[in-house]
Structures are given as structure tokens and as C-alpha cells.
1. How large is ³J(HN,Hα) for each residue in region 279-285, as worked out from phi by the Karplus curve 6.51 cos²θ - 1.76 cosθ + 1.60 (θ = phi - 60°), to whole Hz, x for Gly and Pro?
2. In nm², what is the average projected area of the convex hull enclosing the Cα atoms of region 211-367?
3. Per-residue HN-Hα couplings for region 29-45, Karplus 6.51 cos²θ - 1.76 cosθ + 1.60 at θ = phi - 60°, whole Hz, x for Gly and Pro?
4. Counting other Cβ atoms within 10 Å, keep those with at most 10, restrict to DSSP loop, and tell me which chymotrypsin sites (Phe, Trp or Tyr not before Pro) in region 100-168 are left.
5. For residue 273 and residue 242, what does the FRET efficiency come to when R0 = 30 Å and r is the distance between their Cβ atoms, rounded to the nearest 0.05?
6. Just the number, please: percent antiparallel of the DSSP beta bridges in region 4-260, rounded to the nearest 5.
7. Using +1 at the C-beta of Lys and Arg and -1 at the C-beta of Asp and Glu, which of 344, 359, 331 has the Cα lying farthest in the positive direction of the dipole of region 327-367?
8. Evaluate E = 1/(1 + (r/R0)^6) for residue 203 and residue 364, where r is the Cβ-Cβ distance and R0 equals 35 Å; express this FRET efficiency to the nearest 0.05.
Amino acid sequence: MKDIMGIICTNYNDDDLNQLTEDRALASLPFGGRYRLVDFPLSNMKNSDIRTVGIIMPYMYRSLMDHLGGGKEWNQYRKVGGFFFLPGSIYGLKTARSKFLLRDFISNRPFVTRGSGDLIVISGSNKIFNIDYRSIAREHEASGADVTLIYKRSYIPADSGELFLDINDFGRVSNIMHEPDGDACCFLDTLIINREMLLNYLNWYEALTYLDLMDTIAETLSTVKVFAYEFDGYAGSINSLKTYMNCSIDLLDENVRDELFIPERQISTKAQDSAPAKYLPHAHVRNSIISSGCIIDGDVEDCIIFRDVIIERGASIKNSVIMAHTVIGENVCLENVISDKYVHIQPGVKLFGSCDNPITIEKRSNI
């Protein structure tokens with residue numbers, strides 16, 4: 001796979017996540033007790049032996065840079081290839097519909113022209129799935145495609161903000177839409193494109209830098225060979241508080257974990273060393289993910305608990321996501337709550353959200 005390069009686009013955000021992305025990029029949003037969203041596209045490229053990866057950085061890059069470091073965890077700390085941090089545009093930061101802004105690619109054209117890869121995998125950073133690009137690349141080359149779009153066939157609401165594909169009987173994409181039509185083929189924000197074709201798009205639309213790459217592909221479906229590849233494993237999309245909660249709770253399903261955390265294609269992340277979780281005499285934990293460093297002395301049910309969280313005696317936490325370094329006092333009741341990092345919840349506080357509208361607690365709050 002030395003002839004394939006990767007580009008991960010992180011220069012977009014979504015207001016529907018409220019405080020969770022107020023001072024961090026969507027790509028660096030904590031997920032699953034120990035990961036960040038960017039870990040999934042990075043690990044997919046690592047597991048596919050893609051050795052040169054360009055990351056188009058967001059304006060709020062500090063937390064993302066702190067997490068990625070030199071790329072050692074993703075096997076990108078190397079003399080040849082490795083990570084390339086590419087500057088992103090300062091425009092269009094608050095729209096998740098523009099994930100692949102042309103101006104981001106045009107300003108980083110040297111990365112594409114100087115690279116050795118004949119194929120380029122381009123990925124967003126808010127989709128959760130585990131995939132091996134090597135077999136897709138083989139199909140892409142065998143079909144003679146210029147572009148291959150990866151999709152999953154599933155029911156998704158029309159207002160989800162996703163892109164949908166119409167695919168003919170020969171596997172070729174005939175339309176790209178913002179609204180599903182019939183049996184939805186949801187685009188997973190991941191594509192394989194010939195390097196020369198990407199450079200052609202950058203040349204053809206150089207004067208229209210406000211466009212998204214997917215807009216240009218949609219305009220040229222009649223002249224460019226755009227094929228589709230169906231992914232049949234678990235795939236989650238995070239673009240709102242509701243979807244963040246749903247994808248988090250999905251991890252409590254053993255079948256989802258089996259599809260997402262595959263032993264031979266592990267999801268890598270920045271190493272964090274903590275002692276094992278400690279369960280005190282009054283702890284009752286059911287169907288939850290508890291990370292290292294936690295001290296539990298209350299009731300926890302259907303929850304994702306990140307590192308170094310303290311849950312004191314008498315507290316009851318249900319269907320919630322509690323991020324790292326949070327302290328939950330005695331007799332606190334939380335249900336359908338997303339608590340950001342370094343939160344301190346005083347004894348006796350009661351917060352009840354709903355599955356469709358979870359309550360969020362801002363980072364470093366004291367309530």
C-alpha cells in the first residue's frame with residue numbers, strides 16, 4: 001500500500017453539539033471512554049498500511065495537536081512519510097455539510113503533487129467505523145473508477161445532514177443528494193480517488209474555492225467514473241447531541257463492540273496510564289464501560305465513564321456519558337446527561353434529560 005496516501009479533513013464543526021465543541025474541534029471530541037473521534041479514521045489508515053497521512057487542521061487545533069503528538073500510536077512516527085499537519089481555511093468553520101472544502105485542498109496542493117501515491121483515501125472525522133481500505137483499493141483499480149464512494153445502506157432521517165447516493169445496477173453513482181430517496185445509501189464521508197483526478201478537480205474549480213469537493217463530484221457524475229462500495233459493518237455518525245449519545249450507548253451492545261473493535265484491526269489512541277478502576281462496597285455497576293483510574297461507590301447503569309472519574313456513595317447515574325476527571329458527589333442523580341471534562345457536581349444535585357435531548361454540562365463546571 002505504499003502507493004496510497006491519506007487525507008483526513010478535520011476543519012469543520014457542528015453547532016448542534018453545543019458546549020462539547022465550543023473550544024475543541026469535532027475531531028478531538030472524546031468518545032467511548034478513552035478515544036477521540038479522529039482515532040477511528042487514523043486507525044483505519046494505519047491498519048490499511050497507509051504510511052503518509054495529511055491532516056487538514058481546524059482553526060481550534062490545540063486539543064487535536066495535543067492528542068496526535070508525533071503520531072507514534074498510529075505508526076506514523078517515521079522518517080519517510082508519516083503525519084503532515086496541513087493548514088485549514090478559516091472560512092466555513094461552523095458547517096458540517098462542508099467537510100471537504102476545495103480551498104483546503106487547493107491551499108495544500110503541494111502535499112498532493114509531491115506525494116508518491118497514485119491513489120488517495122480522503123476521510124472525514126466524525127464517522128465511527130472500522131474498515132480495511134486495501135480490498136476497496138483493489139476493487140477501485142479493477143473497476144477502472146476515477147472515484148469510489150463508500151456508503152452504508154440504512155435508514156437515516158432526512159434532516160440528519162448526511163449525503164445520500166443513488167446507485168445504478170452497475171455500481172455506478174448516478175446522483176448525490178442531501179435528502180434520502182427510498183432505501184437510503186448513506187455516504188460515510190470516505191472516498192478513494194485517483195491522484196490525477198483530484199488534481200483535475202482542483203484545476204477545474206480553482207476559481208470556486210467556496211465549493212465542497214463532493215459538490216464538484218456531483219456535478220461531473222456524467223463524465224467522471226464514480227463508483228460506490230457498500231460497507232456492511234457498524235457505522236455511527238456524530239453530528240448532534242442526540243447522535244453522540246446514541247453512538248456512545250451503542251458501544252454497550254456486544255455485537256457493536258465486536259464489529260468496531262476488531263482484534264486484527266485495533267483502534268489506536270494516545271496512551272494514558274492510570275491505575276485500574278476501584279469499586280467500593282456500595283458500588284453497583286450494570287451494563288457500563290468503566291475506564292481506568294475511576295473510583296465508584298454509587299449506582300451506574302448503561303453509562304460510559306471516562307478515566308479518573310469519582311462517583312461517591314449514594315449517587316445514581318443512568319444512560320449518561322461522564323468524561324474524564326469528573327467528581328460526582330453523594331446522592332447525585334443523573335439520567336441522560338453528557339458531562340464534559342473536569343466537572344464537579346455537588347451532593348444532592350438531580351438532572352434528568354431525555355434520549356432525544358440529553359442535558360450537557362460544560363467543561364470545568366461546578367454545579
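The numbers here are math on the coordinates, done by the rules we state, and not lab data. Keep in mind that this is a model prediction, so the values were computed, not measured. Cβ atoms come from the backbone with ideal geometry, glycine included; neighbour counts cover every protein chain shown.
1. Using θ = phi - 60°, the values come out as 10, 8, x, 9, 6, 9, 10 Hz.
2. On the way: hull surface 49.6 nm².
Average of the hull's projected areas for region 211-367 equals 12.4 nm².
3. Listing the rounded values in order: 5, x, 8, x, x, 8, 9, 10, 4, 5, 4, 6, x, 5, 5, 4, 6 Hz.
4. 155
5. With a Förster radius of 30 Å, E is 0.35.
6. On the way: 22 of 41 bridges.
Of the beta bridges lying entirely in region 4-260, close to 55 percent run antiparallel.
7. Going by the Cα projections, it comes out as 344.
8. On the way: r = 47 Å, r/R0 = 1.35.
The pair residue 203/residue 364 has a calculated efficiency of 0.15.
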